Amino acid sequence: MMAGMAGTQALQADPSFRKADLPRKLDAGLLAISGLLPSMARPTGMGTTANRPPLITGPRKAVGNMVLIEAIPMRGATTLSADLASLGFQQARQNNGVVAGWLPTNSVVQLERVPSLRLARSILATTRLGRVTAQNDIALRAPAARGTFGVSGRGKRVGILSDSFNSLGGMAGGIASNDLPASIDIISDPLASSNQGAGLVADEGRAMGELIHDIAPGAPLAFYSAFLGQHDFANGIRTMGGLVPASASRKCDVIVDDVFYFAEPVYADGVIAQAIDAVRAAGVPCFTSAGNDGRNAFEDSWRTSTAQGGPYELNEYLHQFNSDLSNPQTSLPITLPPGESLIVLDWADAYISTSPADPANPGSQHDIDLWLTWPDGTFAMNDGVAVGSFLGNIGGDPQEFMWINNPGGPVNAALQIGYFLHREIGRAHV
């Protein structure tokens, strides 16, 4: 642990900037491309940029002049869809009261003024399947199982959820070479036929299909893209489980996926977990890529220090990472590796995204921010703005996302977590 900074000398705020003046409806990724962040003079105590790497922040799912977003409505999804359509929204999907699709990047600035919008966030998902040599059939001793029990998967339909299946155009060749079965039901593969899909997906669903065909050559396959937001992912699971109206003909006997959403709730069952529970209760086994990032995570109970923080205002109290009140440690040392890093912060509040239409769901009741600093306590900067994630969380999700691209070698840095006191609206939950 690194000792916290003494007093507030290194944290003196810029009195001309208030978090309350920031856009409240956009996540950090969309804020980075919206142009709505003010051009801020460097506050006192921010240090210099000498010998600091040029960190870059922004959404990962921006392709060309389009960005893939998930939008949570203030009231109804139908009204929100119409409002977004007027901004050039494309390939809109509605599921469980949430809208997902592609928005022109030059329209992001207008989202803050859409009255039907509660929250918009860039969709951050990844697959957990890399390029592999297909040794699964032998490793699982599947040839012995097929021979001993006389099975081939015939009559058992396997549903796959991944990024895309035929965006690279290799499905027909895979069928011809007997790497894929002839029977493949493509339920949803929208990124395969769009310009936006280029560079975003890699047909890892087809790779999964080839592995499955090696193990169970008699099993027909089905595919549903899981890259259009958590709610559409959940709809795909329910569709393959036969739980969506008129989806009985698309029901699968087994469902597998290799997709992980960074915005999946940590302290509650999100819509994906709820969908898995539902299809399992209906008798359909679902094998999901939950992952295990325990070694890349840190969990702690909240301890409010006496140190005030945040780079621009002083109504934010820092989390104390140790228990010694006489020597508060308010920074958590980390090492930024080369390339992309996504740092996600969750806390135990209600998530509005799990049931946005439920009036009994209040959303998050606490507003917490996440900041990146250098080891000497000065704040990291990007284009004149402190690097961090500082959503207005009240009524939304208890999450912050900090996306960083480090173009150089490993860099020592630190994280600070600040509790924002909503004095201007009479809320102070400590």
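The values are calculated or read from the model by the stated rules, or taken from the named source; none is laboratory data. In this text, all values refer to a predicted model and were calculated from it rather than measured experimentally. Quick reminder, even Gly has a Cβ in these numbers, built from the backbone with ideal geometry, and neighbours come from all protein chains shown. Ligands, DNA and RNA are excluded from the accessible area calculation, which covers all protein heavy atoms including side chains. Shrake-Rupley method; radii C 1.70, N 1.55, O 1.52, S 1.80 Å.
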Just name the residue that is farthest from Phe390 (Cα to Cα) out of those in the stretch 348-361 that are at pLDDT 90 or above and open to solvent by 70 Å² or more (accessible area, probe 1.4 Å).
Ala360
Restricting attention to the stretch 336-347, the residues that are more than 14 Å from Gly270 (Cβ to Cβ) and either touching a Phe, Trp or Tyr at 6+ places or on another chain (Cβ under 6 Å) or open to solvent by less than 40 Å² (accessible area, probe 1.4 Å) (or both) number exactly 7
Return yes or no: is Gly170 in contact with an Asp or Glu (Cβ under 9 Å, 6 or more places away or on another chain) and surrounded by fewer than 14 Cβ atoms within 10 Å (Cβ to Cβ)?
no
From the set of residues in the stretch 257-272 that are open to solvent by 30 Å² or more (accessible area, probe 1.4 Å) and of a type outside the set (Asp, Glu), which is nearest to the chain's Cα centre (by Cα)?
Phe262
The stretch 108-138, residues that are more than 19 Å from Ile352 (Cβ to Cβ) and modelled with pLDDT of 75 or more:
Val108, Val109, Gln110, Arg113, Ala125, Thr126, Thr127
Of the residues that make up the stretch 180-192, is at least one exposed (fewer than 14 other Cβ atoms within 10 Å of the Cβ), in contact with a Lys or Arg (Cβ under 9 Å, 6 or more places away or on another chain) and either more than 25 Å from Gln230 (Cβ to Cβ) or at pLDDT 90 or above (or both)?
yes
Matching residues in the stretch 381-400 - criterion: being modelled with pLDDT of 85 or more and of a type in the set (A, V, I, L, M, F, W, C)
Ile394
Taking Phe223 as the residue in question, decide whether it is among the aromatic types (Phe, Trp, Tyr), touching a strand residue (DSSP E or B) at 6+ places or on another chain (Cβ under 7 Å) and crowded, with 19+ Cβ neighbours inside 10 Å.
yes
Given the criteria out of contact with any Asp or Glu (no Cβ under 7 Å at 6 or more places or on another chain), closer than 20 Å to Ala139 by Cβ, of a type in the set (A, V, I, L, M) and at pLDDT 90 or above, does Ala216 qualify?
yes
Residue list for the stretch 99-121, restricted to those being surrounded by fewer than 22 Cβ atoms within 10 Å (Cβ to Cβ) and over 14 Å from Ser81 (Cα atoms)
Pro104, Thr105, Asn106, Ser107, Val109, Gln110, Glu112, Arg113
Of all residues in the stretch 379-425, how many are among the hydroxyl-bearing types (Ser, Thr, Tyr) and either assigned to a loop (DSSP other than H, G, I, E, B) or more than 22 Å from His366 (Cβ to Cβ) (or both)?
0
Does the stretch 306-335 hold any residues that are farther than 25 Å from Gly396 by Cα, modelled with pLDDT under 90, open to solvent by less than 70 Å² (accessible area, probe 1.4 Å) and assigned to a strand (DSSP E or B), and which are they?
Ala307
With respect to Ala290, is the statement that it is more than 17 Å from the chain's Cα centre (by Cα), more than 19 Å from Ser389 (Cβ to Cβ) and assigned to a loop (DSSP other than H, G, I, E, B) true?
no
Go through the stretch 175-287 and tell me which strands (runs of 3 or more DSSP E), entirely inside it, have 1 or more residues that are among the acidic types (Asp, Glu) and touching a helix residue (DSSP H, G or I) at 6+ places or on another chain (Cβ under 9 Å).
184-188, 254-257
